[in-house]
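Below is one structure, written out as structure tokens; the observations come after it.
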Amino acid sequence: MKVQTQKTAFYVLITYIAVQLSGFLLRIPPIKSFFLQFFSQDGNEEIALAGWWSTISFAIAFLVCIFLISKNKNFWDVFKGEKASIPVSIGWGIIGFFLVFLGQAIGAIIETGLGIQKGSENTETIILLTEVAPIMILATVVLGPILEEFVFRRVIFGSIVQTQNFWVAGIISSIIFALIHLDFTHIILYTISGFIFAFLYYKTRRLLTSIIAHMLLNGFVTIVQMNAHLFQ
């Protein structure tokens, strides 16, 4: 059963990597030209295409992962001990959002002390895509967090924690989580967030908890960034 679970985890990881790399297909002129014809020529068609491509590819990856996981009833059997109840897990997910928010505030203070300027290029790109293609909200707030929790918490953290202690598994998975966002200037913020998500999963033994916290965080950031002009 453990071998089967490892295979499922590997396939989930490969699915996630595939969706991350799928964007490179749009760099092939014939493929890019084919899809651009479905968008109005208003000067933002390439941005709109990128937003729709990301959302659809994430949706496909989500469905593939759900199918893979459904074939393995032992996939979620990572920790020993009883899992927290659903209400408790949801409660911790909400608390987790505030923990991540606090963690990022501390991380921002550390970055300021190191001379790192505020503002994330990765976040700005996502907001631009969302403004041009609102469907991107689905990828940013729902599909993205779920897929990332599948991969970074269940697959990576969940695999490591079965042979190492929480701290080792948490730190390694959090650093990988930070690196995959390709925003190296703010790697501290992503690492802190990833570690808190891992803690939430470990605390309740349910991935639902870290998914809720992750979705709330992304939703909050999206709302604030898209309405930043109201605060100026």
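Quick notes
- Answer residue from the stretch 43-66, given it is aliphatic (A, V, I, L, M) and farther than 15 Å from TYR11 by Cβ and is most open to solvent (accessible area, probe 1.4 Å) among those: ILE56
- Selection over the stretch 185-197 of residues that are within 19 Å of ILE17 (Cβ to Cβ) and either open to solvent by 30 Å² or more (accessible area, probe 1.4 Å) or not small (Gly, Ala, Ser) (or both) gives a count of 1.
- Filtered residue count, the stretch 116-136, keeping only those that are assigned to a loop (DSSP other than H, G, I, E, B) and at pLDDT 90 or above: 3
- When the stretch 28-66 is limited to residues that are of a type in the set (S, T, N, Q) and closer than 17 Å to ILE135 by Cα, the one that is modelled with the lowest pLDDT turns out to be SER40.
- Test: residue in the stretch 98-107 that is over 29 Å from GLY158 (Cβ atoms), surrounded by fewer than 13 Cβ atoms within 10 Å (Cβ to Cβ) and of a type outside the set (Val, Ile, Thr): no
- Candidate set from the stretch 67-90 (those that are over 21 Å from PHE166 (Cβ atoms) and not in a loop (DSSP other than H, G, I, E, B)); member that is most open to solvent (accessible area, probe 1.4 Å): PHE67
- Scanning the stretch 61-81 for residues that are β-branched (Val, Ile, Thr) and free of Cβ contacts under 8 Å to residues at least 60 places away in the same chain gives VAL64, ILE66.
- With respect to (1) in contact (Cβ under 8 Å) with a residue 24 or more places away in the chain; (2) over 21 Å from TYR201 (Cα atoms), the lone exception for ILE109 is condition (1).
The values are calculated or read from the model by the stated rules, or taken from the named source; none is laboratory data. On a predicted model such as this, the values are computed, not experimentally measured, just so you know. Glycine gets a Cβ as well: all are built from the backbone with ideal geometry, and neighbour counts include every protein chain shown. Just so you know, the surface numbers come from the protein's heavy atoms only, side chains and all, with ligands and any DNA or RNA stripped out. Shrake-Rupley method; radii C 1.70, N 1.55, O 1.52, S 1.80 Å.
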